[in-house]
Amino acid sequence: MAAQLLLLVPALGSFLFTFGTGVELVRFTSLRALLPGAGRPGEASPSPQWGAALQDPRVLQPLAMDLGLVMLFVLQHSLMATALAKRWTASCFGVLQRSFYVFCTSLALQVPTGGSPGLGHGPLLWDACTEPWDTWVPLLCFILHFIAWLVIFSVILIFDYAELMGVKQVYYHCLGMGDPLALKSVRVLRLYSHLRHPVYLEFLLVLWVVPCLSLDRLLLASLFTLYLSCGHALDQQDYLYLRAQLDKKFLVFSREEAAYGDLLARNGPAAAKES
């Protein structure tokens, strides 16, 4: 039993590392783009020459490095999700297979977010950081980013974040309950196989809704949009299942609210608080 409990150490370590990667992702995709002057190349001109910029080594070298870093993440995230890679990691890491996959994904995501050199020179596709848009457009972008990240973290909680991070698998293993996925219905497993990225629209909003769109941001947004689009394959059965589950959650919530209201009406606020 003690040896099984030790498995929780790498699982929790992977969870904490993934949490830190999420914080870094928020800083890289939102804060760096929304802070004053953060998304503007230092030498950008009001009427940039795109032809000259695309031949400038000061522009091409950072773009090539960004392309390589993003492709490294895409290859890791895709190849390790294949059936062959899952079988190999399961044979090597056992119940820690999911934690290992999440750790590698977070590590690969740290590479483009932390290793991107940034583009200090080049044209902007659009620039709303000048008069008369320099106040309300960045503010609107900030509000939309805040709402998008709130939805993203809410969806992660709804989709059982402990299982997504691999902690639940180790916990079930310690209790002798087997794989938690084996307890799920066929419709849930079918949904999971189609829904590799449950926060598709929110990530697109975070990537594209920025006051200033530079070439490196355009490259990043285009590549991730293409990748997310390829992994988003929900069909009508999946939507019907999601709608049914959402209706069930609203029904349970409404019943709890009705029961709480009846208790409050019969016994007063003090009794309701004690319950």
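The values are calculated or read from the model by the stated rules, or taken from the named source; none is laboratory data. Quantities reported herein were computed from a predicted structural model and do not represent experimental measurements. Positions of Cβ are backbone-derived with ideal geometry, glycine not excepted, and every protein chain shown enters the neighbour counts. Areas reflect the complete protein model, heavy atoms only, side chains present, ligands, DNA and RNA absent. Shrake-Rupley method; radii C 1.70, N 1.55, O 1.52, S 1.80 Å.
For this structure, a couple of remarks:
- Any hit, segment 21-33, residues being at pLDDT below 85, open to solvent by 30 Å² or more (accessible area, probe 1.4 Å) and within 18 Å of Val111 (Cβ to Cβ): yes
- Only listed residue being in contact (Cβ under 8 Å) with a residue 24 or more places away in the chain and farther than 22 Å from Val26 by Cα, chosen from Met65, Met80: Met80
- With respect to (1) in a helix (DSSP H, G or I); (2) within 30 Å of Leu7 (Cα to Cα), the lone exception for Met71 is condition (2).
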